[in-house]
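Beneath this line is the structure, given in structure tokens, with notes to follow.
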């Protein structure tokens, strides 16, 4: 609570309520706190001073790192070469018979590999097919498939005999098949290798 | 005998490295309570206040060689204390990742868990009211109300104009009055 008359009167002018409050600070603190604080702080300062002195030493050592007192003869590194030891191992010579048999084996391996390579180069049915189908037909086919995928899903693409695709709605397919007996449909599926497992439309 | 020396004499002894530790210890003993309570009213908990106070005096030890004796030592120490306190509160905020509103609530919780807290007592109510203030306004109120610091000295401590400080103090008093009347 303010004792200074100037501050007291200022406070009264601003707020009589606040001016009349008990302005004591209610916080408690450990007994003898202030008696012991100066010594604690001096001990801490001493510890930190010692630590900082150790840090001062390191920069000096760091500074010496790049300084090299040793001398090297002139052009030493330019003329440096490795002298190999004189006791080289003896060269082992292979006799003619052994050399000839190695050569023959290598030729045979090469021939077999060649045969295999040639066989693999034979074109796959897909690549053969692509050689006989014109670019225009291929392009038309792919365009139709793409348009179909972006469009209505309630239809099927049916391949026709003349290599064209016809879009047939699921409803139309059902209509077309309703007059055909089930046993005929089953026989057709068996002959053509289709699975009879029903699909959900 | 050192305890009778004035601030300038103590600073002079410190700078000349004559009984440096004794001179500084005298300074600590002279101002520790005022500095402590200024910090404590801001941070509430004793352990936090002790922590901040140690930082304050370590900074003072490190900076006293460069202290210009045209300024008052007490003002200079207070300035360090205010800066260290505000830095501490800012760090607490970042550590907890809490908003400004939550900081007020956190300080209020610290207050209510203080030993002997009694909301009915006027001095506790006043402390609760003070915690509602923004940090810098809280500093201004505490310095004027509890420390009875002149605005001119406060201006040196906070590096703010006298006019701004007067306005800040007046607003603080009004807010505290409002809180007291409505709680």
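The values are calculated or read from the model by the stated rules, or taken from the named source; none is laboratory data. Since this is a predicted model, take the numbers as computed values, not measurements. Reconstructed Cβ throughout: ideal geometry from the backbone, glycine too, with neighbour counts over all protein chains shown.
Considering B:144, B:79, the condition of being within 13 Å of chain A (Cβ to nearest Cβ), assigned to a helix (DSSP H, G or I) and farther than 18 Å from residue B:44 by Cβ is satisfied by B:144 alone. Among the residues of the range B:31-64, those identified as at the interface with chain A (Cβ under 9 Å from one of its Cβ atoms), assigned to a helix (DSSP H, G or I) and buried (at least 17 other Cβ atoms within 10 Å of the Cβ) are B:32, B:36, B:37, B:40, B:41, B:46, B:49, B:50, B:53, B:57, B:61. If the condition is being loosely packed, with under 12 Cβ neighbours inside 10 Å and under 16 Å from the mean Cα position of the chain (by Cα), then the range B:147-163 contributes only B:159.
Residues of the range B:37-48 that are farther than 9 Å from residue B:85 by Cβ and either without any contact (Cβ under 8 Å) to a residue 60 or more places away in the chain or not assigned by TED's automatic domain parsing to the domain that holds residue B:80 (or both): B:40, B:46, B:47, B:48.
Residue-by-condition table, conditions (1) at pLDDT 85 or above; (2) surrounded by 10 or more Cβ atoms within 10 Å (Cβ to Cβ); (3) touching a strand residue (DSSP E or B) at 6+ places or on another chain (Cβ under 9 Å):
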| site | (1), (2), (3) |
| --- | --- |
| A:4 | yes, yes, no |
| A:12 | yes, yes, no |
| A:17 | yes, yes, no |
| A:21 | yes, yes, no |
| A:31 | yes, no, no |
| A:44 | yes, yes, no |
| A:47 | yes, yes, no |
| A:58 | no, no, no |
